Amino acid sequence: RLHLPGLLAMLPAVPGDSKIMEEENEKLLGMLGQAANVGHGTWVEWVALHTSRQFEGALYELVSRSKGQLKHDIKKFWEEQEVSIETETGDIKTDKVMIPSALMTHTYNLLFSSSVAIHEVQDPPLQQGTLQALVSCLVSSLVIGYEGLEAEHLEGAEALCIQLYFDLGVALDVLAGHNHPVTMTDRIRKAKGRIEDYIDPIDWSFQQPLVVANMGRAYQRCTVVFGSLVHLKRLHMRDTSSQYTSLPKPMNLLPLATHQPRFGYLPAVDTWSVANSGEDAEEDYGDLVQGSPAGLDEEPSKAPTVGVAMDAIHKDVQASLEKFGSFFQTRWNAAADNLVGGMERRVNK
């Protein structure tokens, strides 16, 4: 049906009334659409029936195990978390609790088999209405399976009830691509409430927020595997802005670090060169200290005119600058000679 208009356009024109030909094409397209809807409906019924039988059989086999074996098998899908608890005295202590973190096999197989069936017939792609019909059938299979649990299976099995509550919540989030009727919404609410009735209310008030948080994490992990079901309606979208705002601001540590000069690769300085450079430095420094602007030492009364005094000060400043330059040049030449001499001695060795 999707490729028929393109194929008809490629055929050569047939002489005749174009209006009659268009009506025949539209009629043919309508017949093909009806046949496609019937075929997709049959496919949806087959996939839902096949997966629901596997789900109900695996669920019944799980709850039929002994209490000890059942608890041991369920704990494999749980993880340990550290929580802070306030004691009666007001102190805060850290405790470790076990919380469900992954779907059990029967629930995972229900979603996985449906996703595989969708990928096998994705050429041409399935329409959104067909996928929504499949999601609706899968939700009905989940609810029917949970409604069929007997009281004897749930009594005294608190770990099983918590895991069933976790599986049902994650599966319903994955299958959220269809608006459920009011009757189905009531059945889902009653199924959850029936499971919660077999859990200790005091423990559940503490565990429920942790379980709900883990349900969101498990949903995020399932979005890749069950993408064909999740893309109909995505939940628990991650807020990247809140993640970045929660991170600590970057710190600039460079102003806090003191600079430590290191001269590990410089050659060793001989004592004679150090002595010579020290004597030269002392002579230059003495000349520099002894030299001072002559015009500043003279009394103002001895200066013949203001212009002559300013010229004398200018000359003395120039002389002082030249002495400073010669002083630093001498030190620089001494350091360069020491560096070159040390390198030559190393090469000779």
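Observations on the structure shown:
- Region 62-183: radius of gyration and largest Cα-Cα distance (Dmax), Å: 18.8, 66
- Sequence of PHE77, PHE166 when ordered by accessible area, the most exposed leading, probe 1.4 angstrom: PHE77, PHE166
- Filtered GluC sites (Glu not before Pro), region 48-150: DSSP coil and at most 13 other beta carbons within 10 Å: GLU88, GLU150
- 10 Å-binned pair-distance histogram of region 155-242 (Cα, whole percent): 15, 42, 33, 10, 0
- Spacing of the two label points (7 Å from each Cα toward its C-beta) at GLN127 and ASN109, in nm: 3.3 nm
- Per residue, in Å², the accessible surface of region 56-143 once ligands and nucleic acids are set aside, probe 1.4 Å: 55 Å²
- D (Stokes-Einstein, µm²/s), Kirkwood Cα radius, region 32-131, 1.002 mPa s at 20 °C: 123 µm²/s
- Fraction of the pair-distance distribution of region 113-208 above 20 Å, Cα-Cα pairs, percent: 45 percent
- For the set TYR108, TYR146, TYR60, the ranking by accessible area, highest first and with no ligand, DNA or RNA atoms included, is TYR60, TYR108, TYR146 under a 1.4 Å probe.
- Stretched out straight at 0.36 nm per residue, the stretch from ASP95 to TRP332 would grow longer than its current Cα-Cα span by 78.5 nm.
- Given R0 = 25 Å, the distance between the Cβ atoms of ARG53 and ASP200 translates into a calculated FRET efficiency of 0.15.
- Of the accessible area of region 88-228, computed with a 1.4 Å probe over protein heavy atoms only, carbon and sulfur atoms account for 53 percent.
- Sum of side-chain charges, SER84 neighbourhood, beta-carbon under 13 Å (Lys, Arg +1; Asp, Glu -1): -2
- Largest accessible area first, the residues VAL211, VAL38 order themselves as VAL38, VAL211 under a 1.4 Å probe with ligands, DNA and RNA left out.
- For THR94, net neighbour charge (Lys/Arg +1, Asp/Glu -1) across residues whose Cβ lies under 14 Å away: -3
- Local net charge near LEU172, Cβ-Cβ under 13 Å (Lys/Arg +1, Asp/Glu -1): +2
The values are calculated or read from the model by the stated rules, or taken from the named source; none is laboratory data. Quantities reported herein were computed from a predicted structural model and do not represent experimental measurements. Virtual Cβ from ideal backbone geometry, glycine too; neighbours counted across all protein chains shown. Side chains included, ligands, DNA and RNA excluded: accessible areas come from the protein's heavy atoms. Shrake-Rupley method; radii C 1.70, N 1.55, O 1.52, S 1.80 Å.
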